[in-house]
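In what follows, a structure is listed as structure tokens, so that the remarks can point back to it.
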Amino acid sequence: MSTTMLPQEVQDKLRGKTVLVLWGSGSQPENVQKFSQQLSSFECNRVIVEHSERLVQSAHTSSKFDVILSNLLEPHSMSHSFELLSEIIRIMKPDGFFYAKENSDSKISTNLKLTGFCNTSIDTISNTFSAQKPAFEVGSSSALSFANKPAVWSLSSGLVDDDIELINEDDLLDEDDLVKPAAESLKVCGTTGKRKACKDCSCGLAEELGSGQEVKPEAKTATSSCGSCYLGDAFRCASCPYLGMPAFKPGEKIQLSERQLNPDL
């Protein structure tokens, strides 16, 4: 393939550029040399020739070449695998141009995208394709513009209508809402949770409502039904109010707490 067969858009990208030429098995060395000399006529800054099978071993530095031409010499035996394209894009400069011929139409479109190439164009008639490396280095990162801004929510000026008058929260309250309730009015029945005393009121609310004064409920007392409670837990029944308490003398007054008298609360 001679340089006159290169598309004009490819020729325009060679001037002043560092160019890498990849060739595959079966290509004659003299044809490779002749092709590189012809490329020099386009005033390339530098032309380097490399066998595709030795590209990885050559360990070129990253972002070295402006243009890479691949498999343009007969018999066009190269196949651009994912691994080969990964190495090609690594050694290309950002915005670098890649032009090549594929010996088949097997996964070239997918491999170009997976390895990071953009602006791909494939000619199915000539089996040639072109692609470009993005304008940034592969793996580079950049801080987002909103990364360091505080997370404050506010209405934008475009969402605020000056013609709409907002309600003053203080206007929603009247004088009665500002009066602190008396402590007596907050007392409710311990059973029903209401201000009205229940039928069998035992908490003193009925007497308090009747007399207008606070009435303390009488302390509950417990009596033994078996007469053995004073001996200790080993002699007490399952419902004995003295369970858990130490033994005591018969007739000794034992004061039980409200929790012990109401075990189910």
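Among the GluC sites (Glu not before Pro) in the range 11-81, those located in a DSSP loop and surrounded by at most 16 other Cβ atoms within 10 Å of their own Cβ are GLU43. Fewest-first ordering of ASP177, ASP123 by other beta carbons within 10 Å of each residue's beta carbon gives ASP177, ASP123. Basic side chains Lys and Arg get +1 at the Cβ, acidic Asp and Glu get -1 at the Cβ, and with that the dipole of the range 3-132 about its Cα centre reaches some 300 debye. Restricting attention to the range 14-98, which trypsin sites (Lys or Arg not before Pro) occupy a DSSP loop and are surrounded by at most 12 other Cβ atoms within 10 Å? Taking the range 14-98 and a limit of 12 other Cβ atoms within 10 Å, the loop trypsin sites (Lys or Arg not before Pro) found are ARG15. Residue order for LYS133, LYS194, LYS93, LYS113, fewest other beta carbons within 10 angstrom first, comes to LYS194, LYS113, LYS93, LYS133.
Counting beta carbons within 10 Å around each of TYR242, TYR230 and listing the fewest first gives the order TYR230, TYR242.
All of the numbers you see were taken from the coordinates with simple rules; none came from a lab. Keep in mind that this is a model prediction, so the values were computed, not measured. Using ideal geometry, Cβ is built from the backbone for each residue, glycine included, and neighbour counts are taken over all protein chains shown.
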